[in-house]
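A short reminder: the numbers here are calculations on the coordinates, not readings from a lab. It should be emphasised that the depicted structure is a prediction, and the values quoted were computed from it without experimental measurement. We place every Cβ from the backbone using ideal geometry, glycine too, and count neighbours over all the protein chains shown.
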Ligand SMILES: Cc1cc2nc3c(=O)[nH]c(=O)nc-3n(C[C@H](O)[C@H](O)[C@H](O)COP(=O)(O)OP(=O)(O)OC[C@H]3O[C@@H](n4cnc5c(N)ncnc54)[C@H](O)[C@@H]3O)c2cc1C
């Protein structure tokens, strides 16, 4: 009876989105906005990297070289203000979007001194600040900092608030969400996906979207692997004029500080190739605290609030895998690695346009799965044990 009920429900779905993290929820929202009937199947919202992230919108501070990935990231950054506004109007939830700019200090003059490293354009404003200017921009920095880059167009979003808003928004637009179930395998016949088997029975739809983040390699033979990131937060004293405070993101070599408007400061992040091994470790916490105090010494006295960790979906070239798959009705939206929050609006738009309007944006070309075919972890889709014929 139960299986039949699910089949009836699944037949009323145009698109089945597998994974309810940043990419899955935003894509479901966009698809529903374009008139599709959408169902999201997800194992666990809380484990999504969406919750673990720092929420930096940092295509410039990340130092991405000119090319398709930088273009994609800049494109998404420019979508953010309107995208967030729509989400906030729909849900009434403040997502903490803050165009605060990002400051990237350097500790010694050298290759990072005011050279041509970052050439400013109207789309990518950047400014080298010398030792005095950087202290005017952000008092309290380590005395050994000799200067730094200022990226006024980079910023941040409060990704936990964003998670809440996306969750509320998809339900408001009629997306059906099923949580606490695991998609175990895709079933296929020739070039078509015919269904998915899950811990709660089988589901069918006309089109499927794979948006399972770091876990994507468990469903399809694509080279997406987890890259663990540990984080912690401290509470900045507020309302005391005599106390120094952070009012922009500070992006160091190994550590970054992301001050939220409510005074919480996110300190991130480790980057560890340790599979899905859970937990915060003493070494992870030590390196974060050391890095944070080194960047901004006043923080040493602020109370620690929370520690957590998450898994970035990493690909060999650190670019996402977007668009068509070898299956006519399976679309890939995964592998966003360390820029998935930034890339959420543009991914949702590109994937929804592809599915609903068959619009194949040229931007997608460079992110096609086939570029990674020869990589370890990528085997022939058709011969994969993950797919049941
Ligand atoms: C510590 C850390 C800091 C980061 N900081 C930033 C940042 O500052 N800026 C930025 O842009 N990005 C950042 N990122 C990266 C960003 O968080 C990710 O790229 C993004 O969240 C990926 O989104 P996703 O939807 O693909 O995956 P996720 O958000 O991880 O969601 C995947 C979902 O799929 C579900 N799922 C997995 N397997 C199955 C299955 N078999 N069946 C059903 N459901 C399944 C999971 O339960 C999960 O809910 C950070 C990540 C980490 C870990």
Checklist entry - When the chain is fully extended, how far beyond the present Cα-Cα distance does residue 14 get from residue 168, taking 0.36 nm per residue of separation? => result 53.4 nm
Checklist entry - Which angle between 0 and 90 degrees, to the nearest 10, do you get for helix 159-172 versus the longest principal axis of the chain when only C-alpha atoms count? => result 30
Checklist outcome for this item: Relative to the chain, whose Cα atoms define the longest principal axis, helix 282-295 and its Cα axis are tilted in degrees, nearest 10, by 50
Checklist entry - Quick one: 355, 293, fewest Cβ neighbours within 10 Å first, how do they rank? => result 293, 355
Item to check | Relative exposure of 276, 45, 367, judged by other C-beta atoms within 10 Å (fewest first) | outcome: 276, 45, 367
Checklist entry - In nm, to one decimal, how far is the residue 274 label point from the residue 160 one, both placed 7 Å along Cα→Cβ? => result 2.2
Checklist outcome for this item: FRET efficiency for residue 218 and residue 254 from the Cβ-Cβ distance with R0 = 51 Å, rounded to 0.05, comes out at 0.95
Checklist outcome for this item: With the label point 7 Å along the Cα-to-beta-carbon line of residue 307 and a cut-off under 11 Å to each amide N, the hits in segment 263-284 are 279-284
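Based on the mean of other Cβ atoms within 10 Å per residue, sort peptides 57-65, 190-198 so the most packed one is first.
Most protected by this proxy first, the peptides run 57-65, 190-198.
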Checklist entry - With axes computed from alpha carbons, what is the tilt in degrees of helix 22-33 against the longest principal axis of the chain, rounded to the nearest 10 within 0 to 90? => result 60
Checklist entry - If you stretched the chain out fully between residue 88 and residue 143, how much longer would it get, using 0.36 nm times the residue separation minus the C-alpha to C-alpha distance? => result 15.8 nm
Checklist outcome for this item: With the 8 Å Cα cutoff and a minimum separation of six or more residues, segment 144-217 has a relative contact order in percent of 15
Checklist outcome for this item: Cβ density ranking, 10 Å radius, fewest first, applied to 164, 359 yields 359, 164
Item to check | Gained length - residue 133 relative to residue 374, 0.36 nm times residue gap less alpha-carbon distance | outcome: 82.0 nm
